[in-house]
Amino acid sequence: MSPLLGEFLGSAILILFGDGVVANVLLDRSKGQNSGWIVISFGWAMAVFVAVFCVAPYSGAHLNPAVTLALSMTGKFGWDQLPGYWLAQLAGTFTGAILVWLTYRGHFTKDQSPDLKLGIFCTSPAIRNAPDNFLTEGISTFVFILAVLLIVAPDAKLGALDALPVALLVLAVGLSLGGPTGYAINPARDLGPRLAHLLLPIPGKRDSDWGYAWVPILAPMIGAATAAFVYQILQN
């Protein structure tokens, strides 16, 4: 498997299980309806575990443009490979979101809140305040990326044995820091499914909230860049 195919496949698996658990908890008449935030957080952690475990030997399992940026900034990944990884991650998350829609298609036809349907695909703030939302995503991504850099040091690849600590890290971020914004901490995780929501024929859907979309795209990148800078200081 090529590295780009690995990133595509891993990103698709990530969203299939990650957005899948959100659909299971939120959608009307789903078996998991109303099972709560802890189920969502555990589901996302398991999504990361499965995705990283599956493709780590092929691509290093970045699955996140913020991770790829941080690894490039710290000299652990080539800048020339970064655009291809970003495109593969975005395509994978878009595809994963379509698979979630196909899996729960019958439930999307029910008369449910348009906001709820959007929330299955992408993040939104509990209290809409752009500066606070940006700060939350920046802090969450900063601690996530710094921990990832420390986990993968010095070889810059998430091997199969690293899948568990990274999954537990995502679980910790979700349980402790995810309340204000839904912890995107991954621009592709938010943008790919948001694009899918825009394009899919979902009955009764609302707009895709592009006025907020810049926050889960830009804030994780700045948080990742800051984490890479701090990591380099710590290593000197």
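Given the peptides 171-178, 128-135, arrange them by the average over their residues of other C-beta atoms within 10 Å, most packed first. Walk me through the numbers on the way to the answer.
Values: 171-178: 18.5, 128-135: 14.6.
The most tightly packed comes first, giving 171-178, 128-135.
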Query raised in the report: Among the trypsin sites (Lys or Arg not before Pro) within region 138-236, which fall in a DSSP loop and have no more than 13 other Cβ atoms within 10 Å of their own Cβ?
Result: Arg206
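State which helices in the chain qualify, where a helix is a whole DSSP H run, it must extend 24 Å or more along its own axis by its Cα atoms, and its mean Kyte-Doolittle hydropathy must be at least 1.6. Present the calculation step by step, with values, prior to reporting the outcome.
Working: long enough: 3-26 (34 Å, 1.63); 37-59 (32 Å, 1.88); 82-103 (31 Å, 1.11); 130-152 (32 Å, 1.68); 210-235 (39 Å, 1.11).
Within the chain the helices that satisfy the rule are 3-26, 37-59, 130-152.
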Query - Residue (of Val55, Leu135, Ala66) at the positive-pole extreme of the chain, dipole from beta-carbon charges - result: Val55
Query raised in the report: Pulled fully out, how much extra length does the chain show between Trp37 and Tyr58, if you take 0.36 nm times their separation in residues and subtract their Cα-Cα distance?
Result: 4.3 nm
Query raised in the report: By per-residue mean of other Cβ atoms within 10 Å, what is the highest-first order of 143-151, 19-27?
Result: 19-27, 143-151
Query raised in the report: Which aspartates and glutamates have a Cα lying under 17 Å from the Cα of Lys76, excluding residues fewer than 8 positions away in the same chain?
Result: Glu7, Asp155, Asp162
**Report entry** Rule-of-thumb Rg ratio for region 3-230 [Cα; 2.2 N^0.38 Å; N residues]
**Finding:** 0.94
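Considering every pair of different Cα atoms, what Kirkwood radius, in Å, is found for region 143-236?
Numbers: mean 1/r = 0.0659 Å⁻¹.
The Cα-based Kirkwood calculation yields 15.2 Å.
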Query raised in the report: Using alpha carbon centroids, what distance separates region 26-74 and region 178-236, in Å?
Result: 13 Å
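At 222 nm, what helix-only mean residue ellipticity would the chain give, in deg cm²/dmol to the nearest 500, using -39500 (n - 2.57) for each DSSP H run of four or more? List each step's numbers first, then the result.
On the way: 10 runs with 167 residues, N = 236.
After summing the helix terms and dividing by the residues of the chain, the value is -23500 deg cm²/dmol.
Just subtract the alpha-carbon distance of Ala130 and Ala172 from 0.36 nm times their residue separation and send over the number in nm, one decimal. Write out the running numbers ahead of the final one.
Details: separation 42, 0.36 × 42 = 15.12 nm, distance 2.37 nm.
Here the answer is 12.8 nm.
Suppose R0 equals 35 Å. What FRET efficiency, 1/(1 + (r/R0)^6) with r the Cβ-Cβ distance, do Asn236 and Trp79 give to the nearest 0.05? List each step's numbers first, then the result.
On the way: r = 21 Å, r/R0 = 0.60.
Efficiency computed from Cβ-Cβ geometry: 0.95.
Using the crude model of +1 on Lys and Arg Cβ and -1 on Asp and Glu Cβ, and no other charge, please compute the dipole size for the chain relative to its Cα centre, in debye to 20.
Values: 12 positive and 13 negative charges, 86 e Å.
Magnitude of the dipole: close to 420 debye.
Please give the charge dipole size of region 97-236, origin at the Cα centre, charges +1 on K and R Cβ atoms and -1 on D and E Cβ atoms. Round to the nearest 20 debye.
Details: 9 positive and 9 negative charges, 74 e Å.
Computed about the Cα centre, the dipole is about 360 debye.
With a cap of 15 neighbouring Cβ atoms within 10 Å, and only residues DSSP puts in a loop, list the trypsin sites (Lys or Arg not before Pro) found in region 1-88. Intermediate results must be reported in sequence, preceding the final value.
Values: sites: Arg29, Lys31, Lys76; in loops: Arg29, Lys31, Lys76.
When the trypsin sites (Lys or Arg not before Pro) of region 1-88 are filtered for loop state and at most 15 Cβ neighbours within 10 Å, Arg29, Lys31 remain.
A short reminder: the numbers here are calculations on the coordinates, not readings from a lab. Since this is a predicted model, take the numbers as computed values, not measurements. Positions of Cβ are generated from backbone atoms using ideal geometry, with glycine treated the same way; all protein chains shown enter the neighbour counts.
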